[in-house]
Amino acid sequence: MSKPIDFQDVSRRREDGRKIRAKMPIAKKLAIAEELRDLQKALTQSREVNRLKVRRKREQVSD
Amino acid sequence: MVADGVFENYAVAGAIGAMFYVEAFATADIDVFVLPSEDRIIIELPGWEYLKARGYTKVEKEGIVVEGWPVQFLPATTPLEREAYTKAQTLNVEEVPVRVARPEHLVAIMLKVGRQKDIARIAMFLSQDAVEVSALEDVISRHGLSDKWLEHKRQLFK
């Protein structure tokens with residue numbers, strides 16, 4: 001039987017990872033931010049489509 | 001732009017400023033505090049003429065696009081913003097010195113603005129040990145944000 005997931009441990013390790021990434025050189029962080037910015041731009045259209053879908057659904061429910 | 005006298009000085013703030021202290025996250029623009037010119041009403045984007053003359057003519061999200069990033073030069077008008085501007089520290093980006101607002105000022109500004117993304121970023125600063133709480137609370141109390149801070153802490157530890 002597999003061991004149950006210790007969510008507290010998972011979240012602690014995640015936080016530790018974040019603290020390490022916070023200390024990365026700023027040039028590296030800016031490069032990541034640039035990639036994220038480009039990804040955001042690439043996703044704009046599909047996000048908008050999803051937003052409209054959600055809005056339409058919400059309007060249908062409230063009608 | 002400082003060397004050319006466009007601005008007396010500057011301080012990187014906002015999300016990019018925050019990234020100097022916490023892990024990288026998505027953002028669309030760069031916010032830079034500058035001092036507002038006192039002798040004239042601002043009728044154009046600060047830095048616009050200077051950058052336009054150098055070929056940066058695209059405007060996106062109220063910022064002038066420089067090397068792919070919309071840069072917003074924000075006049076530091078409130079006492080908190082002025083302090084963030086004045087007390088900014090010089091950090092290096094690959095040997096290039098950059099003036100960046102201190103973490104306690106960035107967090108205090110986020111607290112004051114209070115959008116959802118600001119609240120999330122405050123949590124990043126606290127959980128990543130990126131801000132000295134005593135320095136932050138000093139800024140908070142001096143700028144009349146103690147009630148907001150107490151409310152924030154109450155929400156955080158609920």
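Averaged over the residues of A:29-42, the number of partner chain Cβ atoms lying within 10 Å of the residue Cβ comes to 4.
Pairing chains A and B buries close to 1500 square angstrom of accessible surface in total, based on protein heavy atoms and a 1.4 angstrom probe.
Choose one answer from B:Ala26, B:Ala130, B:Ala15: the residue with the largest mean-square fluctuation in a GNM of chain B with alpha-carbon springs under 10 Å. Largest GNM mean-square fluctuation: B:Ala26.
Overall dimensions of segment B:1-86, expressed as equivalent-ellipsoid semi-axes from the Cα gyration tensor (√(5λ), whole Å, largest first), are 20, 18, 11. All Cα-Cα separations within the protein assembly as shown were binned at 10 Å from zero, giving a P(r) of 7, 26, 32, 23, 9, 2, 0, 0, each value a whole percent of the pairs.
Grab the DSSP H runs of the protein assembly as shown that are 4 residues or longer, score each as -39,500 (n - 2.57), total them, divide by all residues and round the 222 nm result to the nearest 500 deg cm²/dmol. -17000 deg cm²/dmol, from helical runs alone. Heavy-atom surface analysis with a 1.4 Å probe gives chain A a carbon and sulfur content of 55 percent of its accessible area. Once the 1.4 Å probe is applied to the protein heavy atoms, chain A comes out at 91 Å² accessible per residue.
Result for chain A in a Gaussian network model with C-alpha springs under 10 Å: among A:Leu43, A:Leu52, A:Leu30, the largest mean-square fluctuation is at A:Leu52.
Going by a ≥ b ≥ c, the root eigenvalues of the Cα gyration tensor, does segment B:38-158 fall in the rounded group (a/c under 1.5), the prolate group (a/b larger than b/c) or the oblate group? Verdict is prolate for segment B:38-158.
Residues in segment B:1-151 average 51 Å² of solvent-accessible surface per residue, probe 1.4 Å, ligands and nucleic acids excluded. Report note on the peptides B:101-111, B:142-152: ranked by the mean count of other C-beta atoms within 10 Å, highest first, their order is B:101-111, B:142-152. Diagonalising the gyration tensor over the Cα atoms of chain A and scaling each eigenvalue by 5 before taking the square root yields semi-axes of 34, 25, 9 Å, largest first.
The values are calculated or read from the model by the stated rules, or taken from the named source; none is laboratory data. Quick caveat, the model's predicted, so the values are computed rather than measured. With ideal geometry, Cβ positions are generated from the backbone for all residues, glycine too; neighbour counts draw on all protein chains shown. Quick note on the areas: whole protein, heavy atoms, side chains included, nothing else; ligands and nucleic acids left out. Shrake-Rupley method; radii C 1.70, N 1.55, O 1.52, S 1.80 Å.
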